[in-house]
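Input: a single structure, listed below in structure tokens.
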Amino acid sequence: MNPRQIIEKKRDGLELTGEEIKYIIDEYVCGSLADYQMAALLMAIYLRGMTFDETAWLTNAMIESGERIDLTAIPGPKVDKHSTGGVGDKVSIVLAPMVAAAGLNVPMISGRQLAHSGGTLDKLEAIPGFNTRLTVPVFKQNLAQIGAALIGQTDTIVPADKKIYALRDATSTVKSLPLVTASIMSKKIAEGIDSLVLDVKTGRGAFFNCYAEAKQLAEYLIAIGEHNGVKTVALVTSMDEPLGYTVGNWLETKEAIACLKNQGPADLMQITYSLGALMLMLANKIERIEEGIHLLKTCIASGAAFDKFLEIVRLQGGETRVIHNPELYPDEAHSLAVKSDRDGYIARVDALGIGQLAMSLGAGRIKKEDAIDYTAGIILQKKHGDRVQRGEILALLYARDRTKLAGKADECLRCFEMSTAKPPDSQLIYDILDKNGMMPWEKVVNGEG
Ligand code: URA
């Protein structure tokens with residue numbers, strides 16, 4: 001087979017065969033296909049799309065680029081959650097220990113920062129010593145011992161996603177339905193789970209801004225999961241504003257620790273409890289969502305979820321000292337307070353703008369070899385619906401490199417959309433989708449679905 005012909009075929013909008021897709025993925029992973037050729041193919045896929053069959057073949061080729069983890073020897077349900085990418089989304093760090101404390105096994109393969117959207121791995125690695133590169137035997141051992149392990153793609157587990165993920169970020173080919181689907185589902189299927197809950201984001205800070213696109217993404221993800229024997233459901237949720245109050249790696253981990261100590265913000269906890277309750281439902285641990293939310297609230301309030309997080313951090317080599325006491329974290333960042341230039345209400349805090357601003361402060365990589373400043377980021381002081389007076393602080397910006405703060409106050413101010421009247425409440429969770437269709441989430445919570 002000839003890589004140029006395969007690139008040409010996709011460039012011209014034709015359907016690739018399963019063999020062609022497998023060939024190109026294998027060639028790329030073993031180093032025989034250059035980055036520039038894969039970049040050209042990714043751009044062709046971005047522009048031309050892929051059929052459902054091509055997406056399924058791509059997912060399979062990516063899974064087969066490494067090993068598929070066999071967890072059948074570990075008793076009990078194995079359930080995971082994945083988000084399609086957002087700003088301030090630290091849900092996984094709260095959810096994995098919380099759900100493990102409720103009795104499920106959570107084998108989680110996560111991703112890094114992608115464009116303006118943060119990555120769970122980077123947030124976990126902000127904890128000094130935390131190792132996200134466990135070998136498969138250690139991953140399985142930790143899972144069997146404490147019910148949760150959080151790692152990234154490696155040279156042996158979905159190596160194709162590891163390489164393509166970084167290249168997509170560098171070539172602006174992130175927002176592609178088949179590429180997002182294959183990236184997420186290859187990791188999730190390779191990790192050996194029985195069931196999966198997806199948080200499909202829509203709105204300003206999501207990769208798929210409009211609802212119809214997000215719904216289609218959810219349908220693709222569910223179909224690929226079910227086709228591979230993984231029971232898959234999705235919640236479509238709002239990503240118009242950042243989740244919680246923090247954006248940036250250590251700041252987000254610190255907020256996740258607060259959530260585990262029962263001091264989490266309402267929006268973040270609503271999404272976390274809802275996704276967690278769905279995981280319990282898929283594992284047949286509960287019959288009604290309300291029951292699951294109650295159980296999970298108990299896990300947080302009793303400290304069981306926090307203790308589970310400590311176990312995860314300890315087993316993965318992280319310093320538990322900063323988990324017990326986040327104030328001990330080496331904080332070398334300079335800060336800048338951004339103040340309101342008028343009175344009014346916050347109509348919206350633009351998630352995309354805030355995400356991009358946090359990256360520019362050092363919270364993300366511009367080039368794939370860049371080092372991350374774990375302390376860089378933003379703490380919002382005001383969000384949707386809050387009343388603000390002129391001169392009040394809207395946000396605090398942090399960066400270790402002081403020069404990165406220059407000129408950023410105005411940029412931040414532009415992310416705050418103000419109104420003179422109090423804006424109506426915003427909806428956080430829209431619908432639930434599974435292989436049988438779709439239903440408003442509210443109905444499910446009220447026991448009508
Ligand atoms: N999360 C992933 O793992 N991959 C994507 O492409 C987007 C979100």
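The values are calculated or read from the model by the stated rules, or taken from the named source; none is laboratory data. Predicted, not measured: the structure shown is a model, and the values here were computed from it. When we count neighbours, we look across all protein chains shown, and the Cβ atoms used for this are built from the backbone with ideal geometry, even at glycine. To get the accessible areas, we keep the full protein, side chains included, count just its heavy atoms, and leave off ligands, DNA and RNA. Shrake-Rupley method; radii C 1.70, N 1.55, O 1.52, S 1.80 Å.
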What fraction of the Cα pairs in the range 196-328, stated in percent, has a spacing above 17 angstrom? 67
How high is the relative contact order of the chain? Use alpha-carbon pairs under 8 Å, at least six apart in sequence, and give a whole percent. 18
Going by Cα centres, the range 137-202 and the range 260-284 are how many Å apart? 21
Residues in the range 346-381 near a label at ALA421, defined as backbone nitrogen under 16 Å from the 7 Å Cα→Cβ point? 346-348
Ranking THR237, THR17 from most to least accessible area with a 1.4 Å probe gives THR17, THR237
Whole-number percent relative contact order across the range 3-49, with pairs defined as alpha carbons under 8 Å at least 6 apart: 52
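Once the piece of chain linking LEU14 and GLU442 is laid out straight, how much longer is it, given 0.36 nm per residue of separation minus the C-alpha distance between them?
149.9 nm
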Using a 7 Å offset from the Cα along the Cα-to-Cβ direction at both ARG288 and ASN2, what is the distance between the two label points in nm, to one decimal? 6.5
Here P(r) for the range 288-369, Cα-Cα distances in 5 Å bins, as whole percents, is 3, 9, 10, 12, 12, 16, 19, 12, 6, 1
Rounded to whole Hz, the Karplus (6.51, -1.76, 1.60) HN-Hα couplings of the range 6-23, x for glycine and proline: 5, 4, 4, 4, 5, 3, 8, x, 8, 7, 7, 8, x, 5, 5, 5, 4, 4
Return the ratio Rg/(2.2 N^0.38 Å) for the range 1-156, where Rg is computed over Cα atoms only. 1.21
Semi-axes in Å, largest first, for the range 3-49 (Cα gyration tensor, √(5λ)) are 16, 12, 8
Along its principal axes, what span do the Cα atoms of the range 333-419 show, with the longest given first and each in whole Å? 42, 22, 17
Å³ per residue enclosed by the Cα convex hull of the chain: 136
If amide H atoms are modeled at 1.01 Å from N in the peptide plane, then the residues at a separation of 5 or more from SER83, or on another chain, having amide H under 5 Å from its own are ASP199
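As a test of reading the structure, rank LYS285, LYS163, LYS187 by solvent-accessible area (1.4 Å probe, protein chains only), most first.
Result, largest first: LYS285, LYS163, LYS187.
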Evaluate the relative contact order of the range 303-449 (contact order divided by residue number), counting alpha-carbon pairs under 8 angstrom at least 6 apart; express in whole percent. 27
For the range 36-53 and the range 307-369, what is the separation of their C-alpha centers, rounded to whole Å? 33
Run the 1.4 Å probe and let me know the accessible area of CYS30, rounded to the nearest 10 Å². 90
Using a 1.4 angstrom probe on the protein heavy atoms only, line up HIS227, HIS116, HIS334 by accessible area, largest first. HIS227, HIS334, HIS116
